[in-house]
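So the structure is just underneath, and the comments pick up after that.
The values are calculated or read from the model by the stated rules, or taken from the named source; none is laboratory data. Here the structure is a predicted model, which is why all the values come from computation and not from measurement. Cβ coordinates were reconstructed from backbone atoms using ideal geometry, including for glycine residues, and neighbour counts include every protein chain displayed.
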Ligand code: 2M8
């Protein structure tokens, strides 16, 4: 009650138009028990999108925020996996469901159709953020409801995605990182995973015809999306996973395309901390084996640091080779809260550097000095509000409150000027991608609320 009152007072001081406009976007994208990322290009439920949406919605309607999370759990597989997409059952999306054929795996749920891969584990963060808004009795009930699912999910990540018990978890498709076209992954895709048929299609210029069938470029300029060559590459990886019935042993038995992504693992470390906190609150013990794995992850994470360039990178699972195409992933360890103060300071220096991430509207998804940088090209340059949200949270926890406040302000200004776009140019803040994007709206609400704290 007390918390609710103080939030109401804060809401009174907010730029009402931005807050109200953000609420309207979420209402517009509300599909009943979940929120679609955007009308048109994204008609299904996505894993980390719903988590971000719930983080914003908790300020508006806590019950609806809880429903958003619970509707995600209906997609959980029997082995604990949470899929990155739960498909709309509408007739017109049959092709999307058929591409994945989740029914090929005995672990997939019977009543909903899903993808066969996951996305960054933001679920524990969303659960805790909702928990913060509840009184102790309601929080206990809430945690009791979601704890088994989060526990099963984290255990699955260790069992299937850390097969050698080395500590870091691997990803098997760029979509699992949420940063689809991020340079290190695209580089690897071209190195290991472009079958000859795709190269032939590209050579004879058939990609133009294939583009006609792409839903995403009906809603955004092709220059702001994945190239058709890369989209075909993604499709080839997905088809291979499907051929193996999403069985991880069969998938990993013959592949060089498995990466321990720095951004995913950063989010996982933070999520483990949240899971431990939830267990403490509920006074339940986490399995010893899981606690050991969590410790191992924090220790192994140091292996992603390159002392020469003083940056973090993702690495190949098989060879442990660091993938040194620079990207926003290098900053995500700030969000873990477990790296040293010295390393955090190195990362903050890069955020300040105008030749790297210190643009007019930070934080670019690729540093401006990189040959990959392109201000409007999907995950190869633009600023994304969800990434800023992670970085702001990390900056605060490492004591960089002024940096966090400045980044909050520039993010809100960008949204206020350009609307709730999917992403933005880090140079002039101009909008790109889909319009009326849910996580941009939801996290705007959260930033508006948190800016006062
Ligand atoms: C984008 O990814 C999907 C596939 O999962 C796509 O390209 O169609 C990414 O930006 C991802 O992070 C996001 O969750 C999804 C929906 O917003 O779109």
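Residues that are more than 26 Å from residue 415 (Cβ to Cβ), in contact with a helix residue (DSSP H, G or I) (Cβ under 7 Å, 6 or more places away or on another chain) and either in contact (Cβ under 8 Å) with a residue 60 or more places away in the chain or not in a helix (DSSP H, G or I) (or both): does region 339-355 have at least one? Yes: region 339-355 contains one or more residues that are more than 26 Å from residue 415 (Cβ to Cβ), in contact with a helix residue (DSSP H, G or I) (Cβ under 7 Å, 6 or more places away or on another chain) and either in contact (Cβ under 8 Å) with a residue 60 or more places away in the chain or not in a helix (DSSP H, G or I) (or both).
Only one residue in 264, 257 is outside any helix (DSSP H, G or I) and either in contact with a helix residue (DSSP H, G or I) (Cβ under 6 Å, 6 or more places away or on another chain) or modelled with pLDDT under 95 (or both), so which one is that? Reasoning before the result, please.
Values: 264 fails: outside any helix (DSSP H, G or I).
Result of the check over 264, 257: 257.
Residues in region 198-220 that are without any contact (Cβ under 8 Å) to a residue 12 or more places away in the chain and within 16 Å of the ligand (Cβ to nearest atom) were compared, and the one that is nearest to residue 381 (Cα to Cα) is 217. The residues in region 82-116 that are away from the ligand (no atom under 13 Å from the Cβ) and touching a strand residue (DSSP E or B) at 6+ places or on another chain (Cβ under 7 Å) can be counted, and the count is 3.
Checking the conditions here, which among 62, 86, 69 is surrounded by 17 or more Cβ atoms within 10 Å (Cβ to Cβ), closer than 20 Å to residue 131 by Cα and within 16 Å of the chain's Cα centre (by Cα)? It would help to see each step written out before you state the result.
Working: 62 fails: within 16 Å of the chain's Cα centre (by Cα); 86 fails: closer than 20 Å to residue 131 by Cα.
Step by step, each of 62, 86, 69 is checked, and only 69 is surrounded by 17 or more Cβ atoms within 10 Å (Cβ to Cβ), closer than 20 Å to residue 131 by Cα and within 16 Å of the chain's Cα centre (by Cα).
Can you work out which of the residues in region 409-430 that are within 16 Å of the ligand (Cβ to nearest atom) and outside any loop (DSSP other than H, G, I, E, B) is farthest from residue 38 (Cα to Cα)? Ranking the candidates gives 424 first.
Annotation: residue 277 fulfils all but one of (1) part of a helix (DSSP H, G or I); (2) over 30 Å from residue 137 (Cα atoms); the unmet one is (2). Does residue 189 fit the bill of being within 16 Å of the ligand (Cβ to nearest atom), buried (at least 19 other Cβ atoms within 10 Å of the Cβ) and not in a loop (DSSP other than H, G, I, E, B)? Yes; evaluated as a whole, the condition is true for this residue.
Once region 221-231 is narrowed to residues that are within 11 Å of the ligand (Cβ to nearest atom) and in a helix (DSSP H, G or I), the residue that is farthest from residue 93 (Cα to Cα) is 230.
Criterion applied to 389, 384 was being out of contact with any helix residue (DSSP H, G or I) (no Cβ under 7 Å at 6 or more places or on another chain), under 29 Å from residue 302 (Cβ atoms) and within 16 Å of the ligand (Cβ to nearest atom), and the one residue passing it is 384.
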